[in-house]
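Asks: Once you've had a glance at the structure underneath, I'll fire off some questions.
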Amino acid sequence: MNKLSINTQSRNELNASIILAAITWSLTMIFADEIIAANGHDVFNLFPLLPVVIFSSAVFRHLKRVGSSAAPEVAQNMAVAGLIASAFAAIYSHADGAGFAQLSAMAIYTCFAVSLATISFIRNCIKR
């Protein structure tokens with residue numbers, strides 16, 4: 001098995017994106033009532049997409065930095081998975097009971113991860 005190596009700046013950006021996701025989640029839960037009062041449940045249920053975007057941009061910056069030949073393909077995979085997760089979030093936020101932000105956030109993250117894995121798997125199968 002090959003050892004995964006990552007340069008310091010990329011590692012710091014990826015770690016920062018994960019920390020920012022946790023901070024965003026905490027602030028969203030702290031100010032949930034204010035956000036819902038000002039913008040409604042629909043906007044509140046779309047907040048979990050922010051960490052997905054931040055993490056995706058950190059991964060893309062890493063791939064550009066190392067000059068990976070797979071960067072365009074990974075960027076396309078992440079963009080498509082992000083669009084699928086966005087559509088899922090937009091549809092799911094209107095569902096009855098979607099006010100449970102913790103459930104909707106985990107569902108959005110799971111949708112993004114499953115979409116990304118499925119797209120990568122399909123592309124690898126097509127290449128063979």
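Asks: Report the calculated FRET efficiency for VAL53 and ILE122 (r = Cβ-Cβ distance, R0 = 25 Å), to the nearest 0.05.
Replies: Efficiency, from the Cβ-Cβ distance: 0.65.
Asks: What length, rounded to one decimal in nm, is gained on full extension from ILE19 through to LEU83, with 0.36 nm per residue of separation minus their alpha-carbon distance?
Replies: Contour length minus Cα-Cα distance gives 20.7 nm.
Asks: Given a 1.4 Å probe and heavy atoms of the protein chains only, how would you sort ILE35, ILE6, ILE18, ILE126, largest accessible area at the top?
Replies: ILE126, ILE18, ILE6, ILE35
Asks: Using 0.36 nm times the number of residues separating ALA113 and ALA90, minus their current alpha carbon distance, what extension gain do you get?
Replies: 6.6 nm
Asks: Something else about it: How far is the Cα center of the stretch 39-84 from the Cα center of the stretch 113-127, in Å?
Replies: So the two Cα centres are separated by 16 Å.
Asks: Taking 0.36 nm per intervening residue step and subtracting the Cα-Cα distance, what contour gain separates GLN9 from ALA38 on full extension?
Replies: Extending this stretch completely gives an extra 6.7 nm.
Asks: Please say if the stretch 3-91 is rounded, prolate or oblate, where rounded means a/c under 1.5 for a ≥ b ≥ c the square roots of the C-alpha gyration tensor eigenvalues, and otherwise the choice is prolate for a/b larger than b/c and oblate otherwise?
Replies: oblate
The values are calculated or read from the model by the stated rules, or taken from the named source; none is laboratory data. Computed from a prediction, not measured in an experiment: that's the story for all the values here. Note that each Cβ is placed from the backbone with ideal geometry, even for glycine, and that neighbours are counted across all protein chains shown. The accessibility values were calculated without ligands, DNA or RNA, using every heavy atom of the protein model including side chains. Shrake-Rupley method; radii C 1.70, N 1.55, O 1.52, S 1.80 Å.
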